[in-house]
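Report on the following structure.
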Amino acid sequence: MEKYEGSCACGTIRYFFEGEPINSAFCYCKECQVHTGSDKWFVLWVPKDKFSLTKGSPSSFTRKGDSGENVNYQFCGACGTTLCAEITAGDFYSVAASTLAGNKNLSPKMAIYTASAPSWAVFPEGVPKFAALPPDFSA
Ligand SMILES: [Zn+2]
Ligand SMILES: [Zn+2]
């Protein structure tokens, strides 16, 4: 099974998961723009029972998602890197692909929350776009 490891910029927080992510997406929602300082966040959806922190204790920040359920961001209190967000409505973590070690040859399967994208957003070619979430996902 494929193994994935990652860390924040300063290395204080490390995590691990194995197995293919259940989804990979560019998320263009406003919150992701603010968290990343970019037009989007490249996230991998990893089932909660597959994901574990292996070093350090992240700080957290909670907001209500569209579903009304909590989204718990985990970030490094030292360097500020957002590593992942626990999506309680979906029982998975949105893991920041940018924090993975090595090059895993990943690509997004979909663009989500494109209705919230800024006018200067860049969209990937040949990837389905959804104004919010695709109809068969809920988070
Ligand atoms: Zn750090
Ligand atoms: Zn988002």
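Values in this text are rule-based calculations from the coordinates and carry no lab data. All values reported here derive from a predicted model rather than from experimental measurement. Reconstructed Cβ throughout: ideal geometry from the backbone, glycine too, with neighbour counts over all protein chains shown.
A few comments on the model shown:
- Lysine pairs within the chain, Cα separation less than 24 Å, 8 or more sequence positions apart or different chains: 24
- In order along the stretch 101-106, the Karplus-derived 3J(HN,Hα) couplings, from 6.51 cos²θ - 1.76 cosθ + 1.60 at θ = phi - 60°, round to 7, x, 10, 9, 6, 8 Hz, and Gly and Pro are given as x.
- Over all other residues within a Cβ to Cβ distance under 11 Å of GLU86, the charged ones net out to -1, with Lys and Arg as +1 and Asp and Glu as -1.
- Its DSSP H runs of at least 4 residues, each contributing -39,500 (n - 2.57), put the calculated 222 nm mean residue ellipticity of the chain at -1500 deg cm²/dmol, to the nearest 500.
- Cα-based shape type of the stretch 14-92, given that a ≥ b ≥ c are square roots of the gyration tensor eigenvalues and the cut on a/c is 1.5: rounded
- Point-charge dipole on Cβ atoms (K/R +1, D/E -1) for the chain, about Cα centre, debye to 20: 280
- Counted by neighbouring Cβ atoms within 10 Å, the residues VAL127, VAL71, VAL43, VAL34 run from fewest to most as VAL34, VAL127, VAL71, VAL43.
- Residue (of ASN103, THR114, THR88) at the positive-pole extreme of the chain, dipole from beta-carbon charges: ASN103
- Inter-label distance, nm, simple model (7 Å from Cα along the C-beta direction), CYS79/ALA101: 1.3
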